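Here the structure is laid out as structure tokens; the discussion comes afterwards.
The values are calculated or read from the model by the stated rules, or taken from the named source; none is laboratory data. All values derive from a computational prediction rather than experimental measurement. Positions of Cβ are generated from backbone atoms using ideal geometry, with glycine treated the same way; all protein chains shown enter the neighbour counts.
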Amino acid sequence: MSSRRSDHSALTDLIDEVRLLFHSLTQTAEALHGSRSVNPSMRAVLEYLGRHGDSPVPRIADARRVSRQHVQVIVNDLVAAGLAELRDNPSHRRSRLVAATPAGRESLAEMTAIEHELFAALTTTVDGSDLIAAGETLSTVRLGLEARTGVLEQE
């Protein structure tokens, strides 16, 4: 019985730490990139496009675990800022592809370079195998939560 309680406490501590890390990352991004017109949500969509190429809004929303409407608002902001554009989708008439513009790719590259400098300093204090283990643990917890709550089936 005490082992179960300990596991529960450890999971609660992990979730609390993830929340704190999320807020710390948001504040760090604002401090590093506050002069840009790109907020963390816009940056996340640009990053997705950089990694996966041109994509329709529903695919981005599914991958980011957010609503299509939320991603559409972000895409509209990116298009208005000249950082993304909508293109015809040969696979679907109504669901256009979102593509990063050259300015969007450049902005993402600049932000990534600044962040890599900061993160490189962190890798001297945290062992790579610890980072891998932490990532695997977080993935296992996320997948278990999604399986038990049916999060993915709701979208």
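Summary of values
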{"quantity": "Complete set of residues in the range 98-135 that are under 16 Å from the mean Cα position of the chain (by Cα), under 25 Å from I15 (Cα atoms) and in contact (Cβ under 8 Å) with a residue 24 or more places away in the chain", "calculated": "E115"}
{"quantity": "Condition check for I74: hydrophobic (A, V, I, L, M, F, W, C) and touching a Ser or Thr at 6+ places or on another chain (Cβ under 6 Å)", "calculated": "yes"}
{"quantity": "Only listed residue being among the small types (G, A, S) and closer than 30 Å to R36 by Cα, chosen from A133, A147, A103", "calculated": "A103"}
{"quantity": "Some residue of the range 70-87 being farther than 15 Å from V45 by Cα, loosely packed, with under 10 Cβ neighbours inside 10 Å and out of contact with any Gly (no Cβ under 8 Å at 6 or more places or on another chain)", "calculated": "no"}
{"quantity": "Residue in the range 108-131 that is assigned to a strand (DSSP E or B), in contact with a strand residue (DSSP E or B) (Cβ under 8 Å, 6 or more places away or on another chain), on the phi < 0 side of the Ramachandran plot and of a type outside the set (D, E) present", "calculated": "no"}
{"quantity": "L78 being touching a strand residue (DSSP E or B) at 6+ places or on another chain (Cβ under 7 Å) and assigned to a helix (DSSP H, G or I)", "calculated": "yes"}
{"quantity": "Test: residue in the range 55-64 that is of a type in the set (S, T, N, Q), part of a helix (DSSP H, G or I) and either within 23 Å of L118 (Cβ to Cβ) or assigned by TED's automatic domain parsing to the domain that holds G104 (or both)", "calculated": "no"}
{"quantity": "Filter result for V38 (in a loop (DSSP other than H, G, I, E, B), touching a helix residue (DSSP H, G or I) at 6+ places or on another chain (Cβ under 7 Å) and more than 29 Å from V141 (Cα to Cα))", "calculated": "yes"}
{"quantity": "Selected residue (only one of L131, L152, L97, L145 is in contact with an Asp or Glu (Cβ under 8 Å, 6 or more places away or on another chain), modelled with pLDDT under 95 and surrounded by 10 or more Cβ atoms within 10 Å (Cβ to Cβ))", "calculated": "L152"}
{"quantity": "V57 being on the phi < 0 side of the Ramachandran plot, surrounded by 14 or more Cβ atoms within 10 Å (Cβ to Cβ) and touching a residue at least 24 places away in the same chain (Cβ under 8 Å)", "calculated": "yes"}
{"quantity": "Residues that are touching a strand residue (DSSP E or B) at 6+ places or on another chain (Cβ under 8 Å), of a type in the set (G, A, S) and more than 24 Å from A109 (Cα to Cα), drawn from the range 81-98", "calculated": "S95"}
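Residue by residue, here is whether (1) over 12 Å from the mean Cα position of the chain (by Cα); (2) aliphatic (A, V, I, L, M) holds:
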position: H8; (1), (2): yes, no
position: E17; (1), (2): yes, no
position: H33; (1), (2): yes, no
position: S37; (1), (2): yes, no
position: A63; (1), (2): no, yes
position: I74; (1), (2): yes, yes
